[in-house]
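What follows is a set of notes on a single structure, which appears directly below.
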Amino acid sequence: MEFALENISLLNVLEILIVGYLMYLIYRFFKGTAAFNIVIGIILFYLVYIFVNTLGMTMLSKLLEQFFSIGVLIIVIIFQPEIRKFLLMIGDTTLKGRLRFLDRFINEKDESDTAFKESCEIIVDAISKMSNTKTGALIVLTNTETDQLVKTGTELNAALNSTLLQNLFFKNAPLHDGAVIVKDNTILAASTILPVSENTHLSTDLGLRHRAALGITENTTMISLVVSEENGELSYAKNGKLFRNVTQEEIKHIIKEFNSN
């Protein structure tokens with residue numbers, strides 16, 4: 001089949017640009033969230049369907065078609081918070097608001113990125129000072145919903161602040177036990193209870209703080225930062241792996257990397 005450039009109309013080019021722009025918006029909106037992995041999974045699933053359908057694998061194609069028949073309902077259930085937020089932006093009561101909802105759609109993530117970069121400096125400052133004073137600390141960074149986790153501790157919803165973090169972990173403070181949950185530039189909760197890792201191959205000198213830091217990252221996209229009460233050593237856990245005796249620069253790097261994913 002020959003392909004001729006003259007068969008491409010201005011409307012075709014416009015359509016390609018619109019589809020590309022919409023894909024970019026979806027990427028920017030879901031980047032850095034747990035939903036992003038689900039989106040990638042859906043795309044890969046659809047590519048598999050196209051592949052088996054092209055090869056004429058009838059039985060497998062029929063099976064995948066049955067999944068797609070209820071796919072819209074599944075997507076609505078999974079992405080209910082995101083869809084609701086998007087519809088609220090579209091339904092702005094003012095004409096001006098409706099005309100600029102796409103700009104808000106993009107800039108919301110940009111503002112979130114800026115807030116997280118600022119919070120990075122605050123967190124690094126706090127853990128460096130707690131390391132110097134050998135103040136034990138456990139901070140969990142998240143960019144997903146944490147309602148169940150927050151309920152295990154004391155809800156704060158306070159602006160992120162280095163002094164506040166240090167005060168929360170002060171050994172005589174009422175909320176010093178457990179973990180502090182941070183999202184963007186907000187301290188969601190303190191004294192929360194984390195699942196302890198059941199990995200039997202861990203070093204025997206690891207205490208509950210490090211095991212809890214590791215446990216929360218084994219089945220989530222969260223990362224956790226630890227300050228040792230014994231020697232002020234800094235550690236972090238990510239994807240079910242614990243990295244001990246790291247530097248402040250490594251902590252700063254992992255926070256920035258976490259925000260970029």
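Observations on the structure shown:
- Of all the residues in segment 179-205, those that are surrounded by fewer than 20 Cβ atoms within 10 Å (Cβ to Cβ) and either touching a residue at least 12 places away in the same chain (Cβ under 8 Å) or in a strand (DSSP E or B) (or both) number 10.
- Residue in segment 35-42 that is within 30 Å of Ile223 (Cβ to Cβ), among the polar types (S, T, N, Q), modelled with pLDDT of 65 or more and part of a helix (DSSP H, G or I) present: yes
- Conditions (1) at pLDDT below 95; (2) closer than 16 Å to Ile123 by Cβ; (3) not in a helix (DSSP H, G or I); number of the one not met by Ala237: (1)
- Filtering Leu73, Leu47 for residues that are at pLDDT below 75 and either in a helix (DSSP H, G or I) or surrounded by 13 or more Cβ atoms within 10 Å (Cβ to Cβ) (or both) leaves a single hit, Leu73.
- Selection over segment 215-242 of residues that are surrounded by 13 or more Cβ atoms within 10 Å (Cβ to Cβ) and either out of contact with any Gly (no Cβ under 7 Å at 6 or more places or on another chain) or not assigned by TED's automatic domain parsing to the domain that holds Ile255 (or both) gives a count of 18.
- Contact map, segment 241-261: first residue in contact (Cβ under 8 Å) with a residue 12 or more places away in the chain and more than 23 Å from Ala212 (Cβ to Cβ), second residue surrounded by 14 or more Cβ atoms within 10 Å (Cβ to Cβ) and among the basic types (Lys, Arg), Cβ cut-off under 6 Å, separation 6 or more or different chains; the map is empty.
- Subset of segment 195-253 that is among the charged types (D, E, K, R) and over 24 Å from Phe170 (Cβ atoms) - its residue that is nearest to the chain's Cα centre (by Cα): Lys238
The values are calculated or read from the model by the stated rules, or taken from the named source; none is laboratory data. Small disclaimer: the values here were computed from a predicted structure and weren't measured. As a convention, Cβ positions derive from the backbone with ideal geometry for all residues, glycine included, and neighbour counts pool all protein chains shown.
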